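No value in this document is a laboratory result; all are computed from the given coordinates. The shown structure was predicted, so the numbers you read here are calculated from the model rather than taken from an experiment. Methodologically, a virtual Cβ is constructed for each residue, glycine included, from the backbone with ideal geometry; neighbour enumeration extends over all protein chains shown.
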Amino acid sequence: MPKDLLTAAWKLLLLRGVIGIVLGIILVAWPQATIVVLMVLVGIWALIDGIGLAAQVFDKGAGTGQRVLFGVMALVALVVAMVAIFNPDKAASVITWLVGIWLLVRGLFELVGAFSSTVATPRWLLVLGALLDLVLGWLFVTHPGQSAKGVAVLIGILAIAWGVVFVVLALAARSATKDLPDDVSSLPPLTPPTASA
């Protein structure tokens, strides 16, 4: 492998790291604006999906049941698209609220499952996980707008952390690449050690 390829590899790692750090900072500094942009993108995706589903309603090969299903799905997608594009704050709150309901239901099922007789995992761990889901679900349902901001900030922190990891890896790869000759293929091949009898 030529040294140029290794140099390009560490530069790509560095670029990924810098992008991750910048995106993370944006998410942490302006979570509300990030949520709005994300919801608009979701709305555009739902709009395209809705148009595609609406086109399938008129497909000659589709049966009546399929056409009705495609029509309902297209209508739902178009409503979601309009809400997400023209009222992204409300869309973020609704999505966070739905996630909260899902966490509450999941937490209840986990709590019931923790006390079933066929549990292999430690019961205290299952109860702890169920209580965490219930608390998060309650927070999401009762404070959907703030929860959406919290999720954006959390994703931002993770993006910064991964960005730092990529930058460190890039710098390590760069220092390792400096000591290599211009044509790595000129190095002697690596031979596996032979097992002694």
Problem - Lys/Arg +1, Asp/Glu -1 at C-beta; region 1-140 dipole; positive extreme among A54, L108, L15 - result: L15
Exercise for the section: Would you mind calculating the gained length between A8 and L132 on full extension (0.36 nm times residue separation, minus the Cα-Cα distance), in nm to one decimal? Expected result: 40.2 nm
Exercise for the section: List, in order, the whole-Hz ³J(HN,Hα) value for each residue of region 131-147 obtained from phi through the Karplus relation with A = 6.51, B = -1.76, C = 1.60 and θ = phi - 60°; use x for Gly and Pro. Expected result: 5, 4, 4, 5, 5, 4, x, 5, 5, 5, 6, 7, 9, x, x, 5, 5
Completion exercise
Between I19 and R67, the FRET efficiency computed from the C-beta separation at R0 = 45 Å comes out, to the nearest 0.05, as 0.55
Handout entry: Cβ crowding within 10 Å averaged over residues, with 65-74, 144-153 ranked highest first
Key = 144-153, 65-74
